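Report on the structure given below.
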Amino acid sequence: MITRERIKRTLNEIYNAEYGDGENEATIGDGITFWLQNCEYPFDVIETIVEAVYELSGKPRNALGWHIEPLRDEWSYTGEIAFVLVDAESGRCLTLQRFDRPETEACIAVALPITTEEEAIDAVAHFLRLLGVPVEECVPENAS
Amino acid sequence: MITRERIAKALEDAFNNFYHAGEPATFEDALCHWTEFGCCGHLVAAAITKAVDILSGRIDLAWYHDDWSFNAPDEEPNLIAFILVDARTRECLTLDAVRQTPHVVLRIETMDDAIAAVGYFLSLLSIAVEEELLL
């Protein structure tokens, strides 16, 4: 069972190794804040999330196919990122969502909000579950 | 065998399905907006995918498209990334087995490009199209 704490640690280790300056620790939260404040394409955030999924799932690099689009409105990024994930070996789209009525269009992508560190952890947890990796459920702090 | 003329008609019919006032009135108008101003790419892409739905007779195809110009090196214009999934089997028909990407990126600048794109997707669905349409 992969805990949320482990996902958080993995995300921040990957982010700091790639984007830290060696003196001050850089976190995925820093990257998300920079993205939303400066309206620049969030390569760092996307690559960190994807890298964490590979690391925690143990999947080799050639096992998964990704298509990722930070969603925009007319003026700026919305804070949501659309992900399409395909198992490259079987060719099956893991993010496909089918709806109840057959005539209703199915949806290939999942759009996830990535505006905080917690939401980045949720995203990694979501993809790990799609890959069959057991992940700790998120329990709200005020739950009894 | 699906001909070029039939695809051109399907593109206009598809475009008319989701025409809204204030937007380009024809598929060719939408293409012009896309190539000249970089807008209406979603309309161009939607007409292409809808034309494939119409010509294939399939109601179980799932699509995703994305203005790819923003992601391309040097922000090359007029690129659209398409992903096509058979929703019954979940098979991603546009998966590039070499690069492990689920999308194909097509340059759509002219009516010929749009017709060729529809022909390409029909061929992925094993529907016979005129040979000259194959990319």
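Data overview
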| item | result |
| --- | --- |
| Residue tally, condition touching a Ser or Thr at 6+ places or on another chain (Cβ under 8 Å) and farther than 24 Å from residue A:97 by Cβ, over the range B:69-109 | 6 |
| Residue tally, condition within 21 Å of residue A:79 (Cβ to Cβ) and among the hydroxyl-bearing types (Ser, Thr, Tyr), over the range A:1-35 | 4 |
| Matching option when the condition is over 22 Å from residue B:80 (Cα atoms) and part of a helix (DSSP H, G or I), among A:124, A:133 | A:124 |
| Residue match in the range A:120-134 (condition: modelled with pLDDT under 95, more than 21 Å from residue A:8 (Cβ to Cβ) and either more than 9 Å from chain B (Cβ to nearest Cβ) or within 16 Å of the chain's Cα centre (by Cα) (or both)) | no |
| Qualifying positions in the range A:18-40 - among the β-branched types (Val, Ile, Thr) and either under 25 Å from residue A:133 (Cα atoms) or surrounded by 17 or more Cβ atoms within 10 Å (Cβ to Cβ) (or both) | A:27, A:28, A:32 |
| Count of residues meeting criterion [charged (D, E, K, R) and either at pLDDT 95 or above or in contact with a Ser or Thr (Cβ under 7 Å, 6 or more places away or on another chain) (or both)] in the range B:113-135 | 2 |
| The listed residue being at pLDDT below 95, surrounded by fewer than 18 Cβ atoms within 10 Å (Cβ to Cβ) and among the aliphatic types (A, V, I, L, M), out of B:14, B:87, B:25 | B:25 |
| Residue check, residue A:66 buried (at least 18 other Cβ atoms within 10 Å of the Cβ), without any contact (Cβ under 8 Å) to a residue 24 or more places away in the chain and either within 13 Å of the chain's Cα centre (by Cα) or more than 12 Å from chain B (Cβ to nearest Cβ) (or both) | yes |
| Enumeration of residues in the range B:90-135 that are loosely packed, with under 15 Cβ neighbours inside 10 Å and either at positive phi or of a type in the set (Phe, Trp, Tyr) (or both) | B:126 |
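Each row is one residue, and each column tells you yes or no for (1) surrounded by 16 or more Cβ atoms within 10 Å (Cβ to Cβ); (2) more than 8 Å from every other protein chain (Cβ to nearest Cβ); (3) under 17 Å from the mean Cα position of the chain (by Cα).
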position	(1), (2), (3)
A:42	yes, yes, yes
A:46	yes, yes, yes
A:52	yes, yes, yes
A:59	yes, yes, yes
A:77	yes, yes, yes
A:81	yes, yes, yes
A:84	yes, no, yes
A:88	yes, no, no
A:93	yes, no, yes
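The values are calculated or read from the model by the stated rules, or taken from the named source; none is laboratory data. Just so you know, these numbers come straight off a predicted model, no measurement behind them. Neighbour counts are summed over all protein chains in view; Cβ atoms, including those assigned to glycine, are modelled from backbone coordinates with ideal geometry.
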